[in-house]
Structures are given as structure tokens and as C-alpha cells.
Amino acid sequence: MNEATSTLRDPEATRDRLIRAGFQLFGAEGYAAVTTRRLAAQAGTNVAAIGYHFGGKSGLHEACAHALASSISQVVGPPRDHGDVAPSEARRRLETMLRDLAHFLTESREAQDMVGFLLREMAGSEATVDLLYGAFIGPKHRELCALWGAATGQDPESEEVRLAVFAVLGQVVYFRIAQPFVLRRMDWDAIGPDEGLRIADVLADHLQAALDRGSR
């Protein structure tokens, strides 16, 4: 079976491989430095598959941004309105999302490429930042702020709460982007389920302490 036939017979698998290749190469080198030939080679397909699935390199690049938002949404849930939720339940929901995100970011190989892509895009692509913020980051942050307000009694749109939510999220992301330093300092070979649980426990403790401070 040649590459063109493979693309037609298993289009979703080819599409997924191209998106993974996009995360890896766009994240490592930036959009301008990556050719369609290299993307296709990384995905184990032909250049025509990029046009077939995405219309070209720019379409693949945009699809990577949408796939990033979709993947994180699958981990922590899509943005939603929690309605009138009790403080204890708001705390529980915040901690659940924090733990789920921590396990994904620290233990998943897929997350490494996604975060690399995200960091590269934040540094140089306003269009991708706008897409991600509008499609997921902005609405999800407002949801987390609403839960924070329900848990503490604070104004969910106050500057204090918005910053507090960013601070908590930043702690989680640190364990992904600084993982080589964490491994060395903790004398770990890798972050697996056990290490991920210990990280999630610490992050959850920090979250609950921050909520306690906000409730005073």
C-alpha cells in the first residue's frame, strides 16, 4: 500500500499523525522554519496529505491550535456555567480539575509537545494566541474564577481572583516546562503515576490554602 492509498483508507490516523508532527516541529522550530516536506516525513505520509486534510501548512498550523484546545478541554472539561454551587462543592470541582490537569501535563508524552507548541506560539503568533484565548483559555479562566468566587465569597471578576487563578495554573505548568530541573532536584528518573500523584497532592494543598486565604 502506498502513502496516498494509506491516507485515503485511514484518513483520521493520517490527520492525527500530521497534527502530532505539527506540535513537534512547529513547537521546536517555529512555523516559518518548518517545511511541508519535513512535516510529512515526521508523520510518515506524503506532502499531498497536508493539502488533502488541511489545505496546506497554514491550515495544519491552525488545526494544531484547535487540537490543543480540544485536548485540554477533554482533560479538564469544556468551559461551562456551574450555576449556584455550594462553597465546598466549588472547592472540590476546582481541585478535581487541578489534579486532572497536573496528571496530564506531568505524565503525558503528548503534553510535552503541546506545551512546546503553546510556548512557541505565545512568543510569536498573536493570531494563535487570539484563537486559543477565544476558543478555550478565556472562557475556561472565567469558569475557574466563578468557582473560586463561589468557594471564597470573593468577586469572581476581581483582579485578586483573576490573578490567583493564573497563579495556580502557573504552578501546574511549571512542572511541565521545568521538568528536567524537577527530575534532577527530586532525583527521579521520570514522572510516572506515583510521582504525578505526589505533585498533584502538593498542588492541591496549595490550592486549598489559597482558597482559605481568600475566604477570610
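The values are calculated or read from the model by the stated rules, or taken from the named source; none is laboratory data. As the structure is a prediction and not an experimental result, all values here were calculated from the model. With ideal geometry, Cβ positions are generated from the backbone for all residues, glycine too; neighbour counts draw on all protein chains shown.
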message = Looking only at segment 75-109, count every residue that is out of contact with any Gly (no Cβ under 6 Å at 6 or more places or on another chain) and surrounded by 13 or more Cβ atoms within 10 Å (Cβ to Cβ) and tell me the total.
response = 24
remark   = When segment 3-19 is checked residue by residue, the ones that are buried (at least 17 other Cβ atoms within 10 Å of the Cβ) and modelled with pLDDT of 95 or more are Thr14, Arg15, Arg17, Leu18, Ile19
In segment 185-213, residue surrounded by the most Cβ atoms within 10 Å (Cβ to Cβ) [restricted to those that are under 17 Å from Gln112 (Cβ atoms) and out of contact with any Ser or Thr (no Cβ under 7 Å at 6 or more places or on another chain)] = Glu195
ask   = Which fully enclosed helices (runs of 4 or more DSSP H) of segment 1-117 have 3 or more residues being under 18 Å from the mean Cα position of the chain (by Cα) and not acidic (Asp, Glu)?
value = 11-29, 57-76, 87-107
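To keep it simple, each residue is scored yes or no on (1) of a type outside the set (D, E, K, R); (2) modelled with pLDDT of 95 or more; (3) touching a Phe, Trp or Tyr at 6+ places or on another chain (Cβ under 9 Å).
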| position | (1), (2), (3) |
| --- | --- |
| Gly116 | yes, no, yes |
| Met122 | yes, no, no |
| Glu143 | no, yes, no |
| Glu159 | no, yes, no |
| Ala167 | yes, yes, no |
| Gly170 | yes, yes, no |
| Val173 | yes, yes, no |
| Ala190 | yes, yes, no |
| Ala204 | yes, yes, no |
message = Return the residues of segment 112-142 that are among the small types (Gly, Ala, Ser) and farther than 15 Å from Arg20 by Cα; say none if nothing qualifies.
response = Ala123, Gly124, Ser125, Ala127, Gly134, Ala135, Gly138
ask   = List, please: which pairs have Cβ atoms under 8 Å, are six or more places apart or on different chains, and start with a residue in segment 39-55 that is closer than 17 Å to Gly27 by Cβ and end with one that is at pLDDT below 95?
value = none
inquiry  = closer than 19 Å to Arg15 by Cα, basic (Lys, Arg) and loosely packed, with under 15 Cβ neighbours inside 10 Å: is that true of Arg37 in this structure?
reply    = yes
task = Could you please give the count of residues in segment 124-145 that are more than 16 Å from the chain's Cα centre (by Cα) and under 16 Å from Ala210 (Cβ atoms)?
result = 1
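One line per residue, one yes/no per condition, for (1) of a type outside the set (Val, Ile, Thr); (2) in contact with a Leu (Cβ under 7 Å, 6 or more places away or on another chain):
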{"residue": "Arg15", "(1), (2)": "yes, no"}
{"residue": "Gly22", "(1), (2)": "yes, yes"}
{"residue": "Gly27", "(1), (2)": "yes, no"}
{"residue": "Ala33", "(1), (2)": "yes, no"}
{"residue": "Ala43", "(1), (2)": "yes, yes"}
{"residue": "Asn46", "(1), (2)": "yes, no"}
{"residue": "Gly55", "(1), (2)": "yes, no"}
{"residue": "Ser71", "(1), (2)": "yes, no"}
{"residue": "Val75", "(1), (2)": "no, yes"}
key: Subset of segment 124-141 (residues that are β-branched (Val, Ile, Thr) and either farther than 16 Å from Val173 by Cα or at pLDDT below 95 (or both))   = Thr128, Val129
remark   = Residues in segment 120-134 that are touching a residue at least 24 places away in the same chain (Cβ under 8 Å), surrounded by 14 or more Cβ atoms within 10 Å (Cβ to Cβ) and not acidic (Asp, Glu) total 5
query = Do you know which of the residues in segment 188-206 that are assigned to a helix (DSSP H, G or I) and of a type in the set (D, E, K, R) is farthest from His103 (Cα to Cα)?
reply = Asp205
inquiry  = Could you check segment 124-149 and list, in sequence order, the residues that are small (Gly, Ala, Ser), more than 26 Å from Arg93 (Cβ to Cβ) and assigned to a helix (DSSP H, G or I)?
reply    = Gly124, Ala127
